[in-house]
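Right, one structure below, let's go through it.
The values are calculated or read from the model by the stated rules, or taken from the named source; none is laboratory data. Bear in mind the structure is a predicted one, so any value in this text is a computation, not a measurement. Cβ placement follows ideal geometry from the backbone for every residue including glycine, while neighbour counts extend to all protein chains displayed.
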Amino acid sequence: MSDLNSPAAREMHTGERTPGAQEAAVGEGGREAAVVDSACVSMDSFSVDTAEATAAAAGGESKDDGAWQFAVGRVLLCRVRRVCTVLLSGKGHAGLGPWCMGLVAGKLAAEVVYYYAGTLPSEFYKVLGERDAGGFLPLLVRCMAIVAAAGASKAALEYASGLLGVAIRQELTQHTHMRYLRRPGFYAVASGSTVDNPDQRITQDIERLASGSAEVLPELLIAPFLIAYYSVRCWAIAGLFGPLAIYVYFGIGVVATRWAMPPIIRQVCALERAEGDFRFHHVRAGEFAEPIAFFGGEERECKEADSALAAVVGAQRRVLWRQLRLGLLTQIFSYLGSTVSYVVIGIPIIMGRYDDKSGAELSSLISMNAFVSIYLIFRFSTVIEQVKRLADVAGYVTRVAQLWEELDGRASAAGQPGGGRRGARGTAIVASGLAVCAPGGAQLVSGLDLEVGPGDSLLITGRTGAGKTAILRTLCGLWPAAGGEVRLPHADGAPDVFFLPQTPYIVGGSLRDQISYPGSWGGRQRECSDGDIGSLLSAVGLARLGSVVGGAPGFDQRRPAQEWLQLLSPGEQQKISMARVLFWRPAFAALDECTSALDAASEEVLYRALLSAGITPVSISHHESLARFHRRQLRLDGCGGYVLGAVG
Ligand SMILES: Nc1ncnc2c1ncn2[C@@H]1O[C@H](COP(=O)(O)OP(=O)(O)OP(=O)(O)O)[C@@H](O)[C@H]1O
């Protein structure tokens, strides 16, 4: 481990997670975080993990595999344990433990059927060898019934295993949603670059983890029972030498796969990252099709897409290469297994153990012996093969757990005292000595003293990049205050400031959903009636939208977000956003260039509607024409300083 904790190894740390966040996760994590003991996520293993991820992402192997295996083993085990804890304490299905146990019981029952199917050849050897015409027909009927039952149980078990995969996926995804889609983690993780492609981890990696483990786990769980049973049977027929030889053979297989598995986990992680980047490129190209077409940027997009594809293909090749190493081992192990079975069967025969048997009895015994020992070897081979699949599952466990750990870090960092603080509730927006810093640490505004009371509207201006939006982010709590204090007015136990971002957010759903988004706000629930929709559309100058959707009967007609985006121009999207403010009637509205796409007349209509609804605006704008709707102006100089005064 020491070489991996060296400064050189630490230099490889990519910033995928900050050590501070990691320590915070250890110290202040949630219920599941507590399950992961601190040793699991210590700085040592973290260094190894991120250094390795860097190497993997670069497609290189900079480290000694032995140390990597140790780190993977320790960290990975804790992550697996965490996933299991989530599944076993699941809320959605009253825990998946009974589910899993049911499937294991089913598999064991099916094994009884397979056992009887396996002994049939031995019985046929005996009946046919003794030319027993009377026994042949009943045996044939029994054979058909047993083989049909074996086929039916295999199909039923595949169905049950598929259902288990779906249940695991639902449980893990809901657990992730609960942690991801809430403050403070969502904004930081979704908008930052702390873990790559969180969306892919939630939508795809969890699914692969679930389907993979639903197939692998029951096999591994029944393995000890079957191995014990067939060991006893093998011992009874071939003596102690039989199971002993097979055990030694299996031991060699375990050591070999232990050596070949970790590089696959690492490459699966790198592949998933490349897949996520590739998909992101296409999602973005679709989202920005119009600007790309206006720019004539298709050729460049094609080059970028090809280079993202090249990264995926390269990662796939590396995974296949690592899998070949493990595949060679598992396949050779499987095929050599049949040779071991000949040894197990042959030695007792050569030693004269069955010399007293007739020809038919010996054929029957050899067949039975072959079945028992080959089945025991098959069970061991299955374990080794499942380990190969487990390597892929482990890659997905790593990616999903990394996302959880990042969310833990965010949650606990939010609870820790930072440079600034959020003070007691009041009736005004107050900033005292507020220092605003960008996540990289660059100071944007310092020593800001500000109080905006009801009716005391404020316009924030300054050159591009001066930190106007940064002030709103800090007031809202999306960014922690680097120093000083923030206080927000409260009503119904929640902040009474509606923050409207620079980019309008149009959701999928009905017109009623658009206007009443986010459904409940600031601890308030409000019915959005047909009358509300009609009057709000008129207030923001969007009455035409009412007729476009077909009047009141069309207010509840659901449309995908994409369709709304085609139906509404950027200016109309801003009007819809303003309709939301008017619908929720907050005491204050923080408006970040919310009328930037509107003509002056429409801007005036919106601001008059806001003021007559008694909403105090705190606006960011480059439009001087907006000054007349505000009492005071905060001018940022772009160097950390500011001037606050009356509009004039
Ligand atoms: N997530 C981030 N990480 C690092 N720096 C950031 C981040 N977000 C914003 N910044 C930086 O903070 C500075 C202020 O950004 P901000 O969005 O507040 O500017 P602004 O004054 O609102 O500009 P504009 O008039 O263009 O909207 C910018 O230089 C920007 O690069």
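If you go through the stretch 627-648 and keep only what is within 23 Å of residue 454 (Cβ to Cβ) and either away from the ligand (no atom under 14 Å from the Cβ) or touching a His at 6+ places or on another chain (Cβ under 7 Å) (or both), you end up with 627, 628, 629, 630, 631, 632, 633, 644, 645, 646, 647, 648.
One line per residue, one yes/no per condition, for (1) within 30 Å of residue 284 (Cα to Cα); (2) without any contact (Cβ under 8 Å) to a residue 40 or more places away in the chain; (3) in the same structural domain as residue 343 (by TED's automatic domain parsing); (4) buried (at least 17 other Cβ atoms within 10 Å of the Cβ):
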{"residue": "178", "(1), (2), (3), (4)": "yes, yes, yes, no"}
{"residue": "189", "(1), (2), (3), (4)": "yes, no, yes, yes"}
{"residue": "198", "(1), (2), (3), (4)": "yes, no, yes, yes"}
{"residue": "201", "(1), (2), (3), (4)": "yes, no, yes, yes"}
{"residue": "234", "(1), (2), (3), (4)": "no, no, yes, yes"}
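Based on what the data block shows, is residue 156 closer than 24 Å to residue 226 by Cβ, touching a residue at least 24 places away in the same chain (Cβ under 8 Å), surrounded by fewer than 16 Cβ atoms within 10 Å (Cβ to Cβ) and assigned by TED's automatic domain parsing to the domain that holds residue 378? So residue 156 fits the description; yes. Against the definition (in contact (Cβ under 8 Å) with a residue 12 or more places away in the chain, touching a Ser or Thr at 6+ places or on another chain (Cβ under 9 Å), in the same structural domain as residue 497 (by TED's automatic domain parsing) and farther than 26 Å from residue 524 by Cβ), how does residue 546 come out, yes or no? It is false that residue 546 is in contact (Cβ under 8 Å) with a residue 12 or more places away in the chain, touching a Ser or Thr at 6+ places or on another chain (Cβ under 9 Å), in the same structural domain as residue 497 (by TED's automatic domain parsing) and farther than 26 Å from residue 524 by Cβ. Among the residues of the stretch 439-476, the ones that are away from the ligand (no atom under 15 Å from the Cβ) and either farther than 17 Å from residue 634 by Cβ or in a loop (DSSP other than H, G, I, E, B) (or both) come to 5 in all.
Would you check if residue 387 is crowded, with 24+ Cβ neighbours inside 10 Å, in the same structural domain as residue 258 (by TED's automatic domain parsing) and modelled with pLDDT under 80? Against the criterion (crowded, with 24+ Cβ neighbours inside 10 Å, in the same structural domain as residue 258 (by TED's automatic domain parsing) and modelled with pLDDT under 80), residue 387 does not qualify. Restricting attention to the stretch 260-269, does a residue exist that is out of contact with any Gly (no Cβ under 7 Å at 6 or more places or on another chain), assigned by TED's automatic domain parsing to the domain that holds residue 323 and surrounded by fewer than 18 Cβ atoms within 10 Å (Cβ to Cβ)? Scanning the stretch 260-269, I find no residue that is out of contact with any Gly (no Cβ under 7 Å at 6 or more places or on another chain), assigned by TED's automatic domain parsing to the domain that holds residue 323 and surrounded by fewer than 18 Cβ atoms within 10 Å (Cβ to Cβ), so the answer is no. Filtering the stretch 510-533 to residues that are among the small types (Gly, Ala, Ser), surrounded by 14 or more Cβ atoms within 10 Å (Cβ to Cβ), more than 13 Å from residue 567 (Cα to Cα) and modelled with pLDDT of 90 or more leaves only 516.
Suppose we keep only residues that are charged (D, E, K, R) and in contact (Cβ under 8 Å) with a residue 12 or more places away in the chain within the stretch 609-648. Which one would you say is surrounded by the fewest Cβ atoms within 10 Å (Cβ to Cβ)? The qualifying residue surrounded by the fewest Cβ atoms within 10 Å (Cβ to Cβ) is 628.
May I ask you to verify whether residue 577 is hydroxyl-bearing (Ser, Thr, Tyr) and surrounded by fewer than 13 Cβ atoms within 10 Å (Cβ to Cβ)? Judged against the criteria, residue 577 is not a match.
Could you grab me the full set of residues in the stretch 483-509 that are crowded, with 19+ Cβ neighbours inside 10 Å and not in a strand (DSSP E or B)? The answer is 488, 496, 504, 506.
For (1) surrounded by 14 or more Cβ atoms within 10 Å (Cβ to Cβ); (2) of a type in the set (Lys, Arg); (3) assigned by TED's automatic domain parsing to the domain that holds residue 255; (4) more than 30 Å from residue 262 (Cα to Cα), each residue gets a yes or a no:
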| residue | (1), (2), (3), (4) |
| --- | --- |
| 311 | yes, no, yes, no |
| 334 | yes, no, yes, no |
| 357 | yes, yes, yes, yes |
| 368 | yes, no, yes, yes |
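Taking the criterion of being surrounded by 12 or more Cβ atoms within 10 Å (Cβ to Cβ) and more than 60 Å from the chain's Cα centre (by Cα), the residues of the stretch 128-146 that qualify are 129, 130, 132. Here the stretch 582-626 is the region considered, the condition is being polar (S, T, N, Q) and under 22 Å from residue 645 (Cα atoms), and the residue that is farthest from the ligand (Cβ to nearest atom) is 616.
Residue check: residue 206 meets all listed conditions (1) within 30 Å of residue 367 (Cα to Cα); (2) crowded, with 21+ Cβ neighbours inside 10 Å; (3) hydrophobic (A, V, I, L, M, F, W, C) but one, namely (1). Taken together, 224, 218 contain a single residue that is free of Cβ contacts under 8 Å to residues at least 60 places away in the same chain and closer than 23 Å to residue 161 by Cβ, which is 224. Within the stretch 137-151, residues that are in the same structural domain as residue 123 (by TED's automatic domain parsing) sit with their Cβ atoms under 6 Å from residues that are acidic (Asp, Glu) and in a helix (DSSP H, G or I), at 6+ positions apart or across chains, in these pairs: 139/123. With respect to the conditions (1) in contact with a helix residue (DSSP H, G or I) (Cβ under 8 Å, 6 or more places away or on another chain); (2) free of Cβ contacts under 8 Å to residues at least 60 places away in the same chain; (3) surrounded by 12 or more Cβ atoms within 10 Å (Cβ to Cβ), residue 561 falls short on a single one, namely (1).
Table: residues versus (1) modelled with pLDDT under 90; (2) at positive phi; (3) out of contact with any Asp or Glu (no Cβ under 8 Å at 6 or more places or on another chain); (4) not assigned by TED's automatic domain parsing to the domain that holds residue 631.
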{"site": "428", "(1), (2), (3), (4)": "no, no, no, no"}
{"site": "436", "(1), (2), (3), (4)": "no, no, yes, no"}
{"site": "445", "(1), (2), (3), (4)": "no, no, yes, no"}
{"site": "462", "(1), (2), (3), (4)": "no, yes, no, no"}
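Would you mind stating whether residue 516 is under 22 Å from residue 635 (Cα atoms), more than 16 Å from the ligand (Cβ to nearest atom) and not charged (D, E, K, R)? Against the criterion (under 22 Å from residue 635 (Cα atoms), more than 16 Å from the ligand (Cβ to nearest atom) and not charged (D, E, K, R)), residue 516 does not qualify.
Please tell me if residue 290 is assigned to a helix (DSSP H, G or I), surrounded by 12 or more Cβ atoms within 10 Å (Cβ to Cβ) and of a type in the set (D, E, K, R).
no
From (1) at pLDDT 95 or above; (2) farther than 18 Å from residue 454 by Cβ, pick out the condition that doesn't hold for residue 624. Status for residue 624: all satisfied but (1). The residues on offer are 291, 243, and the sole one that is assigned by TED's automatic domain parsing to the domain that holds residue 328 and free of Cβ contacts under 8 Å to residues at least 60 places away in the same chain is 291.
Conditions (1) in contact with an Asp or Glu (Cβ under 9 Å, 6 or more places away or on another chain); (2) among the β-branched types (Val, Ile, Thr), marked per residue:
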site: 165; (1), (2): yes, no
site: 176; (1), (2): no, yes
site: 186; (1), (2): no, no
site: 190; (1), (2): yes, no
site: 198; (1), (2): yes, no
site: 211; (1), (2): no, no
site: 218; (1), (2): no, no
site: 223; (1), (2): no, no
